[in-house]
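Scroll down for the structure; my scribbles are underneath it.
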Amino acid sequence: MSHDITGHNINGEEIAYARFSMGNYNAAILYSLLDADEYNAGVSGSGDTTTFSVQQMDKAMDLYKKSCNNGDPTLLKSESLSWDEKQILSFLLNCSATAREEGKVTVYFG
């Protein structure tokens with residue numbers, strides 16, 4: 001069992017992916033940043049899909065910046081971030097970019 005969380009553009013193409021084992025606490029961090037705790041089924045995602053607006057993605061990015069990397073998105077390339085921190089940041093950056101370009105992004109919580 002695992003959390004496989006994917007972001008999709010308007011055409012349904014996958015633009016972001018994050019995977020966490022069922023016991024990995026970093027999954028809960030991503031759910032929390034997205035204000036999507038209701039999609040966390042414990043050992044995996046709930047299997048549901050939801051849409052996030054530009055504002056919701058901006059809020060998630062702001063929370064990440066405040067809690068994880070002090071506002072520096074270049075830290076994605078930094079050696080100081082763990083694999084999961086980079087995975088979360090990459091997911092948020094890709095989803096935010098899609099939301100800005102298309103007005104929304106769809107996320108599947110598997």
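The values are calculated or read from the model by the stated rules, or taken from the named source; none is laboratory data. It should be emphasised that the depicted structure is a prediction, and the values quoted were computed from it without experimental measurement. Cβ sites come from the backbone with ideal geometry, for glycine too, and all protein chains shown count toward neighbours.
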Inset, instruction - Show the residue pairs that are 6+ apart or on different chains and have beta-carbon atoms under 6 Å apart, the first residue being within the range 25-45 and acidic (Asp, Glu), the second being at pLDDT 95 or above. - result: 37/31
Legend entry - residue 94 touching a strand residue (DSSP E or B) at 6+ places or on another chain (Cβ under 9 Å) and either at pLDDT 95 or above or of a type in the set (S, T, N, Q) (or both): yes
Inset, instruction - Kindly establish whether residue 41 is at pLDDT 95 or above and under 15 Å from residue 18 (Cα atoms). - result: no
Legend entry - Leading residue by the ranking (surrounded by the most Cβ atoms within 10 Å (Cβ to Cβ)) among those in the range 27-37 that are over 11 Å from residue 95 (Cβ atoms) and of a type outside the set (Val, Ile, Thr): 27
Inset, instruction - Could you check how many residues of the range 3-57 are within 13 Å of residue 105 (Cβ to Cβ), outside any helix (DSSP H, G or I) and among the aliphatic types (A, V, I, L, M)? - result: 6
Legend entry - Residue that is surrounded by the most Cβ atoms within 10 Å (Cβ to Cβ), among those in the range 45-82 that are at pLDDT 80 or above and polar (S, T, N, Q): 56
Inset, instruction - Sort out which residues of the range 46-64 are among the charged types (D, E, K, R) and without any contact (Cβ under 8 Å) to a residue 12 or more places away in the chain, and write them in order of number. - result: 62
Legend entry - residue 2 modelled with pLDDT of 95 or more, surrounded by 15 or more Cβ atoms within 10 Å (Cβ to Cβ) and either touching a Cys at 6+ places or on another chain (Cβ under 8 Å) or hydroxyl-bearing (Ser, Thr, Tyr) (or both): yes
Inset, instruction - Please find, among 24, 40, 11, the residue that is under 17 Å from residue 90 (Cβ atoms) and more than 10 Å from the chain's Cα centre (by Cα). - result: 24
Inset, instruction - State yes or no: is residue 13 more than 18 Å from residue 84 (Cβ to Cβ), out of contact with any helix residue (DSSP H, G or I) (no Cβ under 9 Å at 6 or more places or on another chain) and surrounded by fewer than 17 Cβ atoms within 10 Å (Cβ to Cβ)? - result: yes
Legend entry - Residue count for the range 16-40, restricted to those that are in contact with a strand residue (DSSP E or B) (Cβ under 8 Å, 6 or more places away or on another chain) and either among the hydrophobic types (A, V, I, L, M, F, W, C) or within 19 Å of residue 85 (Cβ to Cβ) (or both): 16
